[in-house]
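The values are calculated or read from the model by the stated rules, or taken from the named source; none is laboratory data. The model shown is predicted, which means the values in this text are computed figures rather than measured ones. Counting neighbours? That spans all protein chains shown, and the Cβs are built from the backbone with ideal geometry, glycine included. Side chains are part of the model used for accessible areas, which takes the heavy atoms of the whole protein and leaves out ligands, DNA and RNA. Shrake-Rupley method; radii C 1.70, N 1.55, O 1.52, S 1.80 Å.
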Amino acid sequence: MIRRRITVLGATGSVGASTLDLMAQAEATGTGAFEVEALTGGANIAKLAEQAKRWRPKLAVTADPARLDELRDALSGTDVAVAAGDAAIVEAATRPVDWIMASIVGAAGLKSAWAAAGTGATLALANKESLVCCGPALIERVKRAGGRLIPVDSEHSAIFQVFPAEAPERVAKLILTASGGPFRNTPREQMVAITPEQAVAHPNWSMGAKISVDSATMANKGLEMIEAAYLFDMPQDRIDVVVHPESIIHSLVEYVDGSTLAQMGPPDMRTPIACALAWPDRIAWLAPKLDLAQLGRLTFEAPDLTRFPALDLARQALKAGGATPAVFNAANEVAAFAFLDRKLAFLNIAAVVAETLERATKAGMAFGSGDACGAALSVDAETRRMAESVIAGLANAA
Ligand code: NAD
Ligand code: MG
């Protein structure tokens, strides 16, 4: 039986809601018992209130101060305290718990992930953008506080499960699998007209809008390559990406003796979340199981870097090091949301990232001194301005 006092940051999102769903299933099967300290969400007050009524956290926080009254009304008559805004989310993240899920999307999740990393709790990190922005410092902060960082991203959870942490010199390379996204076989001419609706309809995974767009451009695999480099202290030339459209093998570790270990499972985020929740134990829940005979075959192919240039841009950013991965992340985030807002064509997402990286490099963008989180947020803000101006330039040229 797993007993945990828990906070979920970004509870109303895809990963956050899956976390609570998994916890409910573990309770139903008698394998878990959970107390919830805090839940945070964004604009979806109805969902946050429903979750708070079910889990009775001490605190429920919305990111949006204009919606605080709505949240207060929805939770009136309960003993759940309410709060709103970024500072309240950071306060929620610093409350003492055993386990904290960081599943806010984008660089908006960095401050609270950073705060959680300093508490000594086990940090289940779904928010890959915070690792990409300041991974080494974040990892160091968790260690120094006596906590533990457990990756939630399915690929990194896979590697984490088969990686020999006690003897990393036994590893030759990491192999990240990628589904290839919804446009794996779409000819480039047809990619010009891709709509947000088409881009968020992922063939295997049900996810939030931003990561779905990232999967469609393969920027997601680029972010994950950087994430893997930091988490497992691996240089970029020892991280390969292979497209595996069935999303059954979630990633692999090749050992120096030629043996390669893979982790497999149906594409359901609740399995890596369950792994992070119970680690080093295992928790039973009503998990979907693999039926290999029914699957029949698993296939693999090399990624097409011409149609999906974001993957190589991420590799170049990782090679450049310093603040460049944070620049890649911010430029990609601005471009992905501009695409979702119909202000940018699909193929221009990577073009905006490439141009922003070039401008940032020319401008000598680097981390300032002081707190690593603050330095990363400055680079993030400056890059956002650059990326917005690149997008405005494209709109004017059109
Ligand atoms: P989502 O869009 O479904 O949910 C995001 C959550 O963050 C919501 O609770 C939202 O209210 C909150 N949020 C958004 N903007 C915020 C802000 N400015 N301040 C505070 N809170 C804010 O996203 P998701 O798909 O659940 O992804 C969350 C994170 O997990 C991302 O970093 C993503 O890359 C990573 N991840 C997701 C999946 C998946 O299957 N969805 C898989 C691997 C990794
Ligand atoms: Mg992933």
Strands (runs of 3 or more DSSP E) within the range 40-144 that include 1 or more residues among the acidic types (D, E): none
Single condition M234 does not satisfy, out of (1) assigned to a loop (DSSP other than H, G, I, E, B); (2) surrounded by fewer than 18 Cβ atoms within 10 Å (Cβ to Cβ): (2)
Some residue of the range 215-227 being open to solvent by 10 Å² or more (accessible area, probe 1.4 Å), farther than 21 Å from S103 by Cβ and either touching a Pro at 6+ places or on another chain (Cβ under 7 Å) or among the small types (G, A, S) (or both): no
Per-region count, the range 97-115, residues in contact with a strand residue (DSSP E or B) (Cβ under 8 Å, 6 or more places away or on another chain) and away from ligand 1 (no atom under 13 Å from the Cβ): 4
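Kindly check whether there is at least one residue in the range 288-309 that is hydroxyl-bearing (S, T, Y) and either under 19 Å from A219 (Cβ atoms) or in the same structural domain as I100 (by the TED database) (or both).
Start the filter on the range 288-309 by keeping residues that are hydroxyl-bearing (S, T, Y), which leaves 299, 306.
Now restrict to residues that are either under 19 Å from A219 (Cβ atoms) or in the same structural domain as I100 (by the TED database) (or both): 306.
Checked against the condition, which is being hydroxyl-bearing (S, T, Y) and either under 19 Å from A219 (Cβ atoms) or in the same structural domain as I100 (by the TED database) (or both), the range 288-309 yields at least one hit.
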Breaking point among (1) surrounded by 12 or more Cβ atoms within 10 Å (Cβ to Cβ); (2) at pLDDT 95 or above, for A287: (2)
Filtered residues of the range 184-193 (kept if open to solvent by less than 50 Å² (accessible area, probe 1.4 Å) and within 26 Å of D268 (Cβ to Cβ)): T186
Number of the exception - S179 against (1) touching a residue at least 12 places away in the same chain (Cβ under 8 Å); (2) closer than 30 Å to F34 by Cβ: (2)
Any pair with Cβ under 8 angstrom, 6 or more apart, that starts in the range 240-269 at a residue that is within 16 Å of ligand 1 (Cβ to nearest atom) and ends at one that is among the basic types (K, R) and open to solvent by 30 Å² or more (accessible area, probe 1.4 Å): P266/K289
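Determine which member of the set S157, S206, S212 is within 16 Å of ligand 1 (Cβ to nearest atom), exposed (fewer than 15 other Cβ atoms within 10 Å of the Cβ) and not in a strand (DSSP E or B). Spell out how you get there, then give the answer.
Working: S157 fails: exposed (fewer than 15 other Cβ atoms within 10 Å of the Cβ); S212 fails: exposed (fewer than 15 other Cβ atoms within 10 Å of the Cβ).
Answer to the selection: S206.
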Residue pairs meeting the criteria (Cβ under 9 Å; at least 6 apart or on separate chains; first closer than 13 Å to V36 by Cβ, in the range 1-14; second within 16 Å of ligand 2 (Cβ to nearest atom) and among the polar types (S, T, N, Q)): I6/T19; V8/T19; V8/S103; L9/S103; L9/N127; A11/T19; A11/S103
Test result for S112, away from ligand 2 (no atom under 16 Å from the Cβ), polar (S, T, N, Q) and buried (at least 24 other Cβ atoms within 10 Å of the Cβ): yes
Positions within the range 73-94 being more than 16 Å from ligand 1 (Cβ to nearest atom) and surrounded by fewer than 18 Cβ atoms within 10 Å (Cβ to Cβ), in sequence order: D73, S76, G77, T78, D79, A81
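Yes or no: V200 closer than 23 Å to G109 by Cα, open to solvent by 10 Å² or more (accessible area, probe 1.4 Å), within 16 Å of ligand 2 (Cβ to nearest atom) and in contact (Cβ under 8 Å) with a residue 12 or more places away in the chain?
Numbers: closer than 23 Å to G109 by Cα: yes; open to solvent by 10 Å² or more (accessible area, probe 1.4 Å): yes; within 16 Å of ligand 2 (Cβ to nearest atom): yes; in contact (Cβ under 8 Å) with a residue 12 or more places away in the chain: yes.
Spelling it out, V200 is indeed closer than 23 Å to G109 by Cα, open to solvent by 10 Å² or more (accessible area, probe 1.4 Å), within 16 Å of ligand 2 (Cβ to nearest atom) and in contact (Cβ under 8 Å) with a residue 12 or more places away in the chain.
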Residue match in the range 246-265 (condition: part of a helix (DSSP H, G or I), in contact with a His (Cβ under 9 Å, 6 or more places away or on another chain) and within 13 Å of ligand 2 (Cβ to nearest atom)): no
Out of D86, D73, sole residue that is acidic (D, E), out of contact with any strand residue (DSSP E or B) (no Cβ under 9 Å at 6 or more places or on another chain) and closer than 27 Å to L231 by Cα: D86
Residue within the range 20-29 that is in contact with a strand residue (DSSP E or B) (Cβ under 9 Å, 6 or more places away or on another chain) and β-branched (V, I, T) present: no
Cβ pairs under 7 Å, 6+ apart, first in the range 371-387 and without any contact (Cβ under 8 Å) to a residue 12 or more places away in the chain, second surrounded by fewer than 19 Cβ atoms within 10 Å (Cβ to Cβ) and not aliphatic (A, V, I, L, M): S378/G368
